[in-house]
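The values are calculated or read from the model by the stated rules, or taken from the named source; none is laboratory data. Predicted, not measured: the structure shown is a model, and the values here were computed from it. Virtual Cβ from ideal backbone geometry, glycine too; neighbours counted across all protein chains shown.
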Amino acid sequence: MDKLPQQTPDITQQNIERIAELFPSAITETKDAEGKLKKAINFTTLKQLLSADVVDGDECYEFTWVGKKQSIIEGNRPIRKTLRPAKDESKNWDSTENLYIEGDNLEVLKLLQNSYLNSIKMIYIDPPYNTGNDFVYRDNFAVSKEDYEGDLGVYDEEENRLFKNTESNGRYHSDWCSMMYPRLQLGRNLLSDDGVIFISIDDNEVDSLRKICDEVFGESNFIANFIVIRSEGGGLAKQAVIGHDYVLVFSKNIQKFKPLGKPKDIRGKIVQKNGEDYWIETDWLRKEFGKYGTCPYEEIEKFLGINKKNEIDEGLKKGNYLLVKKENYNIVGRFRKVSEDTSKFYTILKHLNKNGVIDLTNLGLGNYFDFPKPVSLLKELILGSTILNKNEGNFILDFNSGSATTAHAVMQLNAEDGGNRKFIMVQLPEKTDEKSEAYKAGYKTICEIGKERIRRAGKKIEEKLQAKSKDGGLFSEKEDVKTVDTGFRVLKLDDTNMKDVYYSAGEYSQQMLLDLESNIKEDRTDLDLLFGVMLDWGVPLSLPHITEIVGGKQVHFVNDTDLVACFEENITETVVREIAKRKPLRVVFRDSSFGSSPEKINVSEIFKTLSGDTTIKVI
């Protein structure tokens, strides 16, 4: 049985393997820090393979800054971290498919690479705008002032300063670029082939961001740079009233991304029927026909101006209309074709900042954020980039979650159109200012505010749906309440579940050997271990899981048989056979669950006999 690696993938080595597939002659060998041989790239050979004229001159078109190479290395560097469940801070843990993750987003993005590679339909982020303040993120690759000045030659040979280092110097741009670059690289990996990323930004770094995205996503995948009208007043502007920000938009693969824009008629509920066919329940149709005990075709024809009776047929789509027969009334809806009835994105949007404050105020969360994005902006972006499909969920990732506007918008839109979108929020647990209203209200971190916002917004959405169901609406609102997921699983970034051992053989004492009988940290629960395994094995963290007692041992089942885990000691053959009979896709045990090598071999033989396709690993 193989052991799970318990660390994120080595992206550098994965990239080398990809290059090896295309250019095997560019692969060579070198020794690592421990003297072991490993694959490496012969860059001279690779350059020659890619060009008749090797580009080794001093001049070429590129966007660079001090610290860029180190930021790329940092983005590819594996980490030994995990995500630990916080069930008591979650809502609807057992049924929800939404995630709220607390931790530095660079490390969280690395941990999500296995489980969500090529799976995210849409990413939205509202990163730091680099307005001159210190970053919250202080990554290892953000070069020191001394290193930066040394690289640029700020001092001459006699240690005399060559120019004054003011806040307007490029070091601040370099830090910001180094912070953004690896996060965007990792985010791109997570996007599906038809996925899209939206990034809010202002004038401070919009040019740098465009150049970074050109490099990370490819210039050909640029879609637009939206102008977002955010204020209508003059404020304290000195030279010009700047009442707008930007949203930079890039696709993963522009050939596969199909922007939906907004349906032309969005007055009523949009319900997907077959494939790309939509029909819209508009208010005027509802008032006219919604409560009729019977609905003669002649009256519908007269109202809709239809001449031919066969253009409307019970339960079938004919022409432009659909008649659906209910128990006590009939419903009329207009069909819409996605390809015909949606418009492309329009690059000037109007979503005022004050509306974002109003959104929070309506939830009783007041002025806890200076510039929260309005729900309306996120709804427009989500509606225009995610296909409405009740059977398939679109994952929407926001790794600068802030006030959790994105989560609020996802839930609200699902409630309005019956969608099954799922959100993944990532936020650094940044401490609130002790003088702030949020801190005085008991919120010690931004994450605490974000989670409370999702709880309150979800409760309001549920109450509105329940109230609507008593109104005699056209659809079964009880069904809508069930399908709108307002819960979320809270996961927190932490060090690996496994003990770190760095002793040489001669340094072990008898007591150390006794302490190392288990390689798992004492404070870790079964749930911690389960989610660590899911990350390692690339199992989505939103899948349902249950716990059963099998032969007196706790056994965890993720999505029935996608993953089965048992972390008990002294697992018997009876338990192994019972698990094998379920024919799981993957099984994991503790390495210490079996006392000897023959017992481990026996486990493998049992699965070969009863469930030959099962992959077995240990931690």
* So which helices (runs of 4 or more DSSP H) stay within the stretch 316-383 end to end and still have 1 or more residues that are of a type in the set (A, V, I, L, M, F, W, C) and modelled with pLDDT of 50 or more? -> 353-361, 375-383
* Return a yes/no flag: does the stretch 404-411 have any residue that is touching a Gly at 6+ places or on another chain (Cβ under 9 Å) and outside any helix (DSSP H, G or I). => yes
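In the stretch 57-72, which residues are part of a loop (DSSP other than H, G, I, E, B), at pLDDT 70 or above and not β-branched (Val, Ile, Thr)? If you could, list the steps in order and put the result at the bottom.
Here is the first cut: in the stretch 57-72, the ones part of a loop (DSSP other than H, G, I, E, B) are 57-67.
Right, trim to at pLDDT 70 or above and you get 61-67.
Within the stretch 57-72, TYR61, GLU62, PHE63, TRP65, GLY67 qualify.
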* Structure fact -> Quick count over the stretch 466-496, residues being surrounded by 14 or more Cβ atoms within 10 Å (Cβ to Cβ) and either part of a loop (DSSP other than H, G, I, E, B) or modelled with pLDDT of 85 or more (or both), is 15
* Unique residue being within 20 Å of VAL588 (Cβ to Cβ), modelled with pLDDT under 95 and outside the structural domain of LYS583 (by TED's automatic domain parsing) when the list is LYS521, LYS499 -> LYS499
* Structure fact -> Across the stretch 199-230, the tally of residues that are in contact with an Asp or Glu (Cβ under 8 Å, 6 or more places away or on another chain) and either without any contact (Cβ under 8 Å) to a residue 24 or more places away in the chain or assigned to a helix (DSSP H, G or I) (or both) stands at 0
* Asked: Do you know which residues across the stretch 90-111 are in contact with a Phe, Trp or Tyr (Cβ under 9 Å, 6 or more places away or on another chain) and among the hydroxyl-bearing types (Ser, Thr, Tyr)?
  -> SER90, THR96, TYR100
